1. Working carefully through the options Lys259, Lys207, Lys269, find the one that is within 15 Å of the ligand (Cβ to nearest atom), open to solvent by 80 Å² or more (accessible area, probe 1.4 Å) and not aliphatic (A, V, I, L, M).
2. Considering only residues that are in contact with a Leu (Cβ under 9 Å, 6 or more places away or on another chain) and either crowded, with 24+ Cβ neighbours inside 10 Å or in a helix (DSSP H, G or I) (or both), which ones fall in region 23-45?
3. Residue under question is Ile38, and the condition is that it be in contact with a strand residue (DSSP E or B) (Cβ under 6 Å, 6 or more places away or on another chain) and either within 12 Å of the ligand (Cβ to nearest atom) or under 13 Å from Arg144 (Cα atoms) (or both); does it hold?
4. Among the listed residues Glu164, Glu101, Glu127, which satisfies the condition of being within 16 Å of the ligand (Cβ to nearest atom) and more than 18 Å from the chain's Cα centre (by Cα)?
5. How many residues are among the β-branched types (Val, Ile, Thr) and closer than 21 Å to Ile255 by Cβ if we restrict to region 69-103?
6. Can you pull out every residue in region 188-204 that is over 28 Å from Tyr168 (Cβ atoms) and either open to solvent by 50 Å² or more (accessible area, probe 1.4 Å) or not assigned by TED's automatic domain parsing to the domain that holds Leu252 (or both)?
7. Looking at (1) open to solvent by 40 Å² or more (accessible area, probe 1.4 Å); (2) assigned to a helix (DSSP H, G or I), which one does Ala53 not meet, given that it meets all the others?
8. Show the residue pairs meeting these rules: Cβ distance below 9 Å; 6+ apart or different chains; first residue within region 272-292 and closer than 22 Å to Ser39 by Cα; second residue within 8 Å of the ligand (Cβ to nearest atom) and open to solvent by 30 Å² or more (accessible area, probe 1.4 Å).
Amino acid sequence: MLKPSEVQAQNQPVELPILQEKQVSLAIKREDLIHPLISGNKFRKLKYNLIEAQNGGFDTILTYGGAFSNHIAATAYAGQESGFKTIGVIRGLDLPDKWHENPTLKLAHEHGMQFHFISREEYRKKENPLEVELLKALFGPFYRIPEGGSNVLAVRGCEEILMENDAYFDVICTSVGTGGTIAGISNAADSKQLVLGFPALKGDFLKEDIRKFAYKENWELRTTYHFGGYAKVTQQLIDFINEFKHETEIPLDPIYTGKLIFGILDMIKKDRFQPNTKILAVHTGGLQGIKGMNMKLKKKNLPLIQI
Ligand SMILES: *Cc1c(COP(=O)(O)O)cnc(C)c1O
């Protein structure tokens, strides 16, 4: 199995006229390059969970996600690599007949994941102990990883994203979904560094979730860059992702990292950073989701994300 602690992602400096004009620097930590499928933070989040499952003698991993979930894709792949059976509890009762049209689920299935589809309503109740017992009755014993992979062990894995020489940066930026990644980065960052989170979804619940795992006060959220909510995109965002790729050759995903980098550059334009600020943005991966998003965009006759 790949060992995240032994994986060091490179920080790639970004060169754009706006950065020069505003006299700030931006580098992107290319966690997306760790692996094509278990890239970025999902890779970090699984590491200690898989070890724990092995130590506990489990042969099956069960976890949750929607149809485009990077976590589902990563769990299927990493689970198979480590010799586990994997079960994905998937939100959406419309999916059983057409999951093979969905690139993420197709990929997960190719890597051995068995699916259990439930309604959106059931999905909301999934943390209920009774629901978990029902799953055990169906599938036998399993090691359970929550949605998005966020738990104490996942946060510990995310504490390995930053390296010693990242102390050089003043501000560290990351996308936020369930909050595990920013918690790990915050814990590993210096108290004098500012960790900025850019939620990819709407809602006020995030701060509480992050506080469950983050023990420093060095983090803040910038909540206006969700583009309408989780997995929602606009033409402006798609155009931005394509333009950024064209100018820097760095691919961004539409659900998380596109919104993150858009937000950072918008803040730079609006002079929200002092001159000479050194900014590091963590590329948390998610590129496997582009295919699925492009299928949605095509149906709506919107421009596609260039791969
Ligand atoms: C899951 C994910 C996130 C969000 O991570 P959390 O720990 O849930 O906040 C960010 N970026 C990408 C690419 C992801 O797949």
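1. Numbers: Lys259 fails: open to solvent by 80 Å² or more (accessible area, probe 1.4 Å); Lys269 fails: within 15 Å of the ligand (Cβ to nearest atom).
So the residue among Lys259, Lys207, Lys269 that is within 15 Å of the ligand (Cβ to nearest atom), open to solvent by 80 Å² or more (accessible area, probe 1.4 Å) and not aliphatic (A, V, I, L, M) is Lys207.
2. Matches in region 23-45: Leu26, Ile28, Lys29, Asp32, Ile38, Ser39, Gly40, Phe43, Lys45.
3. Judged against the criteria, Ile38 is not a match.
4. None of the others qualify; the one that does is Glu127.
5. Total meeting the criteria: 4.
6. Lys202, Asp204
7. All conditions are met except number (1).
8. Thr284/Tyr256; Gly285/Tyr256; Gly286/Tyr256; Gly289/Tyr256
The values are calculated or read from the model by the stated rules, or taken from the named source; none is laboratory data. Predicted model only: the values in this text are computed from it and were never measured. Cβ: placed from backbone, ideal geometry, glycine included. Neighbour counts: every protein chain shown. Ligands, DNA and RNA are excluded from the accessible area calculation, which covers all protein heavy atoms including side chains. Shrake-Rupley method; radii C 1.70, N 1.55, O 1.52, S 1.80 Å.
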